[in-house]
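Chemist: Sharing a structure, written as structure tokens. Questions coming.
The values are calculated or read from the model by the stated rules, or taken from the named source; none is laboratory data. Because the structure is predicted, anything quoted here is derived from the model rather than measured. Note: ideal-geometry Cβ built from the backbone for every residue, glycine included; neighbour counts use all protein chains shown. Please note that ligands, DNA and RNA were not included when accessible areas were found on the heavy atoms of the full protein model with its side chains. Shrake-Rupley method; radii C 1.70, N 1.55, O 1.52, S 1.80 Å.
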Amino acid sequence: MEAKNSHISKGQQPGNQQRRWHGTGRNCQLGDPGNTTPCTATACSLCNIIRTSFNITHAAAGAFGKGIYTSSASSTSNGYSRTNSASTMRAMLLNRVVVGVGYKTSTLNSTLVAPPAGYDSVIAAYAGTDELVVFDNDAIRPAYLIMYTP
């Protein structure tokens, strides 16, 4: 992606890499005091992401298509974070995301399965929030797990 778009020469990170938040669900106690091992439950999104990274086949179609959604604002990603266990804590991931050339839009399009031709991602701005949507597993890697109580 860097060779194609020369982001470094534009003063950007290679591939226009950014740190972005992703809120997700967990069905276990990972992150609670004393619990440091990911579970093996297929329904636990958090542990699946930690074990094998993101997988577009598990993504649900959102307002801007079937992709992996992240935001520059942790408050936006908090809205997607949920715990389906007895724990009161929530989990959020801070990720490294390769944006490449982002297609900027505020028009909802839930049928997208890829960015428009010539673009590598979708940058969506609506209702006072921003979301970055990538459609390729290799465009995103979890970097940090943040545990918090809302």
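Chemist: Could you order peptides 111-117, 17-23, 58-64 by the average number of other Cβ atoms within 10 Å of their residues, highest first?
Modeler: Highest to lowest by the protection proxy: 17-23, 58-64, 111-117.
Chemist: I want to check the label-to-label distance for S72 and V113. Put each point 7 Å from Cα in the C-beta direction and report it in nm to one decimal.
Modeler: For the pair S72/V113, the computed spacing is 3.1 nm.
Chemist: To continue, here is another question. Taking the chain as a Gaussian network, Cα atoms linked when under 10 Å apart, which of G128, G31, G100 shows the biggest mean-square fluctuation?
Modeler: Greatest mean-square fluctuation among the candidates belongs to G128.
Chemist: State, as an integer percentage, the relative contact order of the chain based on alpha-carbon contacts under 8 Å between residues 6 or more apart.
Modeler: Relative contact order for the chain comes out at 29 percent.
Chemist: Here's something else I'd like to know. Given a 1.4 Å probe and the protein chains all in place, what does the accessible area of Y148 round to, in Å² to the nearest 10?
Modeler: Ignoring ligands and nucleic acids, Y148 comes out at about 50 Å².
Chemist: Cα extents of the range 80-120 along the three principal axes, largest first, in whole Å?
Modeler: 45, 23, 17
Chemist: Along the range 78-88, what does the Karplus equation 6.51 cos²θ - 1.76 cosθ + 1.60 (θ = phi - 60°) give for ³J(HN,Hα), rounded to whole Hz, x for Gly and Pro?
Modeler: Each residue of the range 78-88 in turn: 4, x, 9, 7, 8, 10, 9, 9, 6, 5, 9 Hz.
Chemist: Report the one residue of G67, A139, N78 whose Cα lies farthest in the direction of the positive end of the charge dipole of the chain (charges on C-beta: Lys and Arg +1, Asp and Glu -1; origin at the Cα centre).
Modeler: About the Cα centre, the residue reaching furthest to the positive side is N78.
Chemist: Right, something else. Counting only other residues whose beta carbon sits under 11 Å from that of A91, what net charge do I get with K and R as +1, D and E as -1? Kindly include the intermediate steps, with their values, before the conclusion.
Modeler: On the way: positive: R26, R82, R90; negative: D32.
Charge balance in the 11 Å sphere: +2.
Chemist: Based on Cα coordinates alone, diagonalise the gyration tensor for the range 104-150, multiply each eigenvalue by 5, take square roots, and list the semi-axes in whole Å, largest first.
Modeler: 23, 17, 8
Chemist: Taking the chain as the region of interest, what is the percent of Cα-Cα pairs per 5 angstrom bin, listed from the shortest bin to the one with the maximum distance?
Modeler: Pairs per bin, as whole percents: 2, 10, 19, 21, 19, 14, 9, 5, 2, 0.
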